[in-house]
Every structure is written in structure tokens, then in C-alpha cells.
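Just so it is clear, none of the values below were taken in a lab; they were calculated from the coordinates. Since the structure is predicted, the reported quantities are computational estimates derived from the model, not experimental observations. Glycine also receives a Cβ, built like all others from the backbone with ideal geometry; neighbour counts cover every protein chain displayed.
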Amino acid sequence: MPAESRAAGTTESDADRAVVELDNVEIVYDDHFLAVQGVSMSVDEGDIVALLGPNGAGKSTILKMISGIGRTERGEVSRGNVFYRGEDVTNFGANEMVDRGITHILEGRRVFEDLTVEENLRCGLYRGGRRFRFDEDDYDIAFDYFPQLKEIMDLKAGYASGGQQQMLVIARALIHRPELLLLDEPSLGLAPKLVQDIFETLVEINEQEDITMIVADQNAKRTLDIADYGYVMENGQIELHDPADQLVQREEIKEFYLGTSSEDSRYTDIRHYKIRKRWT
Ligand SMILES: Nc1ncnc2c1ncn2[C@@H]1O[C@H](COP(=O)(O)OP(=O)(O)OP(=O)(O)O)[C@@H](O)[C@H]1O
Ligand SMILES: [Mg+2]
């Protein structure tokens with residue numbers, strides 16, 4: 001799809017494939033703190049979409065308003081609209097979005113530390129406060145992609161390694177059988193090899209389970225490697241967007257996001273004023 005129509009996100013043909021569309025969205029916290037403004041984006045069925053940008057750019061805020069979690073933090077879409085499969089879901093609550101097949105993996109590997117790995121996985125079987133299925137086979141999807149978890153089912157999740165916890169939160173989300181998976185900083189604090197393994201697994205899940213994904217991450221290289229399309233945010237706005245393979249060729253991305261010395265260099269390593277200078 002052409003970049004312009006993605007950003008506009010309003011034509012009939014786009015609506016056929018679009019899972020999520022944001023149309024000129026503004027988001028405020030506490031009725032007055034403007035976190036995001038004028039954001040339009042479109043996520044196509046089956047795609048992995050990268051949402052990139054520095055600290056405070058608004059990545060998590062966007063994900064939270066799509067999943068409905070933002071409202072629990074007194075966030076509100078104060079202008080514009082959010083659509084899910086063509087339905088206007090602006091300011092819907094998390095329960096309503098979970099029922100529509102959206103699962104949000106929050107930043108920071110939020111496991112229940114005092115529960116075992118198995119108990120954490122079982123939490124994925126609840127929807128809207130009710131268990132929606134009862135079947136031991138539900139674990140299969142978790143073990144298919146993360147066989148390591150089978151070995152540590154009785155371990156308290158708080159004692160699992162960072163990598164195992166990241167696997168656990170993804171596996172828990174899969175048990176929920178989402179249509180759209182929102183991942184916030186899945187690479188944060190993990191060793192490069194582990195990030196590579198987990199991101200490769202995300203691609204397998206995307207392809208085999210047909211799950212559309214939005215991945216918000218500061219590791220631009222890794223995320224664009226697995227993404228079909230990318231949006232770059234700064235100061236609450238979209239600064240760049242393009243198919244991922246074209247985005248990595250953009251000079252701003254090469255210089256400021258990918259760095260020159262290390263493929264795992266993070267945006268935060270790069271001096272912020274430079275990018276403003278380039279983009280204003
Ligand atoms: N619950 C909240 N209440 C008030 N302001 C918030 C809240 N959450 C985020 N903000 C503010 O909104 C802006 C966007 O924050 P957000 O967390 O969406 O950025 P981010 O791109 O996810 O950053 P990071 O890379 O640090 O996760 C920031 O200025 C932040 O301080
Ligand atoms: Mg964030």
C-alpha cells in the first residue's frame with residue numbers, strides 16, 4: 001500500500017486490509033498533558049509493524065490507546081479516531097478490546113512473580129474476567145514456540161531469567177489466541193543473541209498463526225529487520241513512515257537510528273538535538 005494512503009487510512013480498499021487505523025489522533029493524559037498529536041497510521045492484516053522512536057516519543061501511549069489500557073492511566077483520545085477492523089473503537093475500554101482479539105504485552109515483562117510459570121500461562125485463559133476455554137492443549141501453542149517453558153513449568157516466574165520471562169509473557173499472550181498482538185519493548189534489557197532468537201520466533205508466530213503485530217521498540221535495527229512497515233515517532237508525532245526495507249535506507253534512519261559501529265546501537269545512544277536539526 002502506498003505510504004500516503006496508509007497515513008490517511010481512509011479509502012475503501014485500505015479498509016479491507018486494515019486491522020488498525022488511527023486517523024489524526026491526539027491523546028491527552030489527565031485532561032491536559034498532550035502526549036500524542038496528529039498521528040495517522042494504518043496496520044494491515046498479517047503485517048508486523050514497527051513503531052520506533054526515543055524515550056517519551058509516544059510509542060507506549062499509542063499502543064495503550066489501541067488496547068484500551070490507556071484509559072486506566074487517565075489517557076484519552078481527545079481528537080481523531082481509532083478504528084479496529086473498520087469499527088470506531090475510540091476510547092473503548094480494555095475489556096472491549098480483549099474481546100475483539102487484541103492482546104497487549106506491556107513493557108517490562110510483567111509476569112506474576114509469585115506464581116509458577118504454569119500458573120502464569122493459565123492466566124492467558126481468562127477473558128473479560130471469565131475463563132473462556134478449558135483444555136490442556138492450550139499449552140501446545142506456548143510449547144511449540146518456546147519449548148524451554150515446558151522445563152520450568154513449576155518454577156516461580158520471579159526466579160526465571162529475563163529471557164525466560166519474555167518468552168513467558170509472549171507465550172501467555174499466544175494462549176489467548178489474539179488476532180492482533182501489541183508488543184512494547186520486547187528487546188529491552190536482553191542480550192543481543194536472545195533478542196535475535198525472540199524476534200525470529202515472532203516472525204514464525206506471525207507467519208504460522210497469522211497474527212498481526214505492532215512492535216514498539218528502541219532497537220530500530222532488529223525491529224525493522226522483522227517488520228513489513230515502520231513508523232518513527234518523535235515528540236508525540238510521526239516523523240517518518242515507509243515500508244521497512246525502504247525505511248532502513250533512509251539517511252536519517254541509517255545515521256541516527258542504526259548507528260555506524262554496532263547493529264544493536266540504540267536510539268538513546270545518539271544525541272537528540274541532531275535529529276531535530278535534521279527534521280525541522
Ligand atoms: N500515565 C501517564 N500519565 C501522564 N503522562 C504520561 C503517562 N504515560 C506517558 N506519559 C507521557 O506521555 C509522553 C509519551 O510517553 P510514552 O510512554 O508513550 O513514550 P514512549 O515512546 O513509549 O517512551 P519509552 O521509550 O520511554 O517507553 C511522555 O512525555 C510521557 O511522560
Ligand atoms: Mg514506552
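How large is the dipole of the range 151-228 about the Cα centre if only Lys and Arg carry +1 and Asp and Glu carry -1, each at its Cβ, rounded to the nearest 20 debye?
Values: 6 positive and 14 negative charges, 71 e Å.
It works out to roughly 340 debye.
Report, for the range 63-197, the % of DSSP beta bridges that are antiparallel, rounded to 5.
Details: 5 of 9 bridges.
Restricted to the range 63-197, the bridges split so that about 55 percent are antiparallel.
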Residue separation times 0.36 nm, minus the C-alpha to C-alpha distance between E151 and Q237: what's the value?
26.6 nm
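What shape does the range 154-212 have by the C-alpha gyration tensor, where a ≥ b ≥ c are the square roots of the eigenvalues, rounded means a/c under 1.5, and otherwise prolate means a/b greater than b/c and oblate the rest?
Working: a/c = 2.12, a/b = 1.33, b/c = 1.59.
Taking the square roots of the gyration eigenvalues as a ≥ b ≥ c, the range 154-212 is oblate.
So what is the relative contact order for the range 80-197, in percent, with contacts set as C-alpha pairs under 8 Å and at least six apart? Let's see the in-between values first.
Numbers: 144 pairs, mean separation 44.1, N = 118.
It comes to 37 percent, rounded to a whole number.
Between Q196 and D137, what is 0.36 nm times their sequence separation minus the Cα-Cα distance? Round to one decimal in nm.
Numbers: separation 59, 0.36 × 59 = 21.24 nm, distance 2.78 nm.
Gain on extension, Q196 to D137, equals 18.5 nm.
Which shape class applies to the range 20-150: rounded if a/c is under 1.5, otherwise prolate when a/b exceeds b/c and oblate if not, where a ≥ b ≥ c are the square roots of the Cα gyration tensor eigenvalues? Could the numbers behind the result be given before it?
Details: a/c = 1.94, a/b = 1.85, b/c = 1.05.
Prolate, since a/c reaches 1.5 and a/b exceeds b/c.
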Amide H neighbours of G230 at under 5 Å, excluding residues fewer than 5 places away on the same chain, with H built from the backbone geometry, are A50, D242, A244
Taking H as built 1.01 Å from N, whose amide H comes closer than 5 Å to the amide H of A18, not counting residues under 5 places away?
E45
Compute the Cα gyration tensor for the range 99-230, then decide on rounded, prolate or oblate, letting a ≥ b ≥ c be the square roots of its eigenvalues: rounded whenever a/c is under 1.5, prolate when a/b is larger than b/c in the other cases, and oblate in all that remain.
oblate
For the range 188-196, what does the Karplus curve 6.51 cos²θ - 1.76 cosθ + 1.60, with θ = phi - 60°, yield as ³J(HN,Hα) per residue in whole Hz, taken in order and with x for Gly and Pro?
4, x, 9, 5, x, 5, 5, 4, 4
Going by Cα centres, the range 42-89 and the range 216-251 are how many Å apart?
16 Å
About its Cα centre, how strong a charge dipole does the range 87-239 have in debye, to the nearest 20, once Lys and Arg get +1 and Asp and Glu get -1 at the Cβ?
460 debye
